[in-house]
Amino acid sequence: DAAVNSQVGGCLKTIGDAILGCFDSKYHYRFWRPRTAIPAAGADGNAATSPEDGWQPLLPTPNHPEYPSGHSCIAGALAEVVKESFGTPQVSFEWSSNANAGTRAYDSVYEMIREIRNARVHGGMHYRFSSDDGITLGRRTARWVLDNYFRPVARR
């Protein structure tokens, strides 16, 4: 069906564009991750922070700059496409991943975003602001793509 193909195409385009913006930002800001910042807090020039020797994240940390969160960029873009496609954020869906042991079920795109935001912080890979800003980057990118591409065509 052409409508489904257009939605899938819009989703893939928005995710791709959000990742491009995300990694452009990562290498522009080159922000350090908690795994580096927390043990080295005594050398950051901020008297309000102190190091915690031996601190390690709960989950493996990618070897690229921290800000913004890539998972959050994707989640923000996906959420915007789902809201546009279904006319509401209250859409029940499941998400499967080979990276984790199972399938997650959600009742809304906001529930998915909340879980992804918290998982990145609780796992020790990101700071909260990096997840929040990643979600915003993804949503704004998707909004621009949806407003400028994959628009309805006039029927003859």
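The values are calculated or read from the model by the stated rules, or taken from the named source; none is laboratory data. Just so it is clear, the structure is predicted and the values come from calculations on it, not from any experiment. No Cβ is skipped: glycine too gets one built from the backbone with ideal geometry, and neighbour counts run over all protein chains shown. Just so you know, the surface numbers come from the protein's heavy atoms only, side chains and all, with ligands and any DNA or RNA stripped out. Shrake-Rupley method; radii C 1.70, N 1.55, O 1.52, S 1.80 Å.
Scanning the stretch 28-44 for residues that are aromatic (Phe, Trp, Tyr) and crowded, with 19+ Cβ neighbours inside 10 Å turns up nothing.
Looking only at residues that are of a type in the set (Lys, Arg) and touching a residue at least 12 places away in the same chain (Cβ under 8 Å) in the stretch 81-120, which one is most open to solvent (accessible area, probe 1.4 Å)? Before the answer, list the steps.
Taking the stretch 81-120 and keeping what is of a type in the set (Lys, Arg), we get 83, 104, 114, 117, 120.
Among the residues that remain, those that are also touching a residue at least 12 places away in the same chain (Cβ under 8 Å) are: 83, 117, 120.
Details: 83: 41, 117: 60, 120: 34 Å².
Once the filter is applied, the top-ranked residue is 117.
In the stretch 16-69, the residue that is farthest from residue 139 (Cα to Cα) out of those that are under 16 Å from the mean Cα position of the chain (by Cα) and among the acidic types (Asp, Glu) is 66.
Just one of the listed residues (77, 142, 105, 119) is at pLDDT 90 or above and part of a strand (DSSP E or B), and it is 105.
The C-beta contact set for the stretch 6-20 (first residue surrounded by fewer than 14 Cβ atoms within 10 Å (Cβ to Cβ) and assigned to a helix (DSSP H, G or I), second residue modelled with pLDDT of 75 or more and not hydrophobic (A, V, I, L, M, F, W, C), distance under 9 angstrom, 6+ apart or interchain) comprises 9/149; 20/141. When each of 92, 108, 85 is tested for being closer than 21 Å to residue 13 by Cα, among the polar types (S, T, N, Q) and more than 12 Å from the chain's Cα centre (by Cα), the lone residue that passes is 85.
Evaluated against (1) surrounded by 15 or more Cβ atoms within 10 Å (Cβ to Cβ); (2) part of a loop (DSSP other than H, G, I, E, B); (3) among the hydroxyl-bearing types (Ser, Thr, Tyr); (4) out of contact with any Lys or Arg (no Cβ under 8 Å at 6 or more places or on another chain), residue 61 falls short on exactly one condition, (4).
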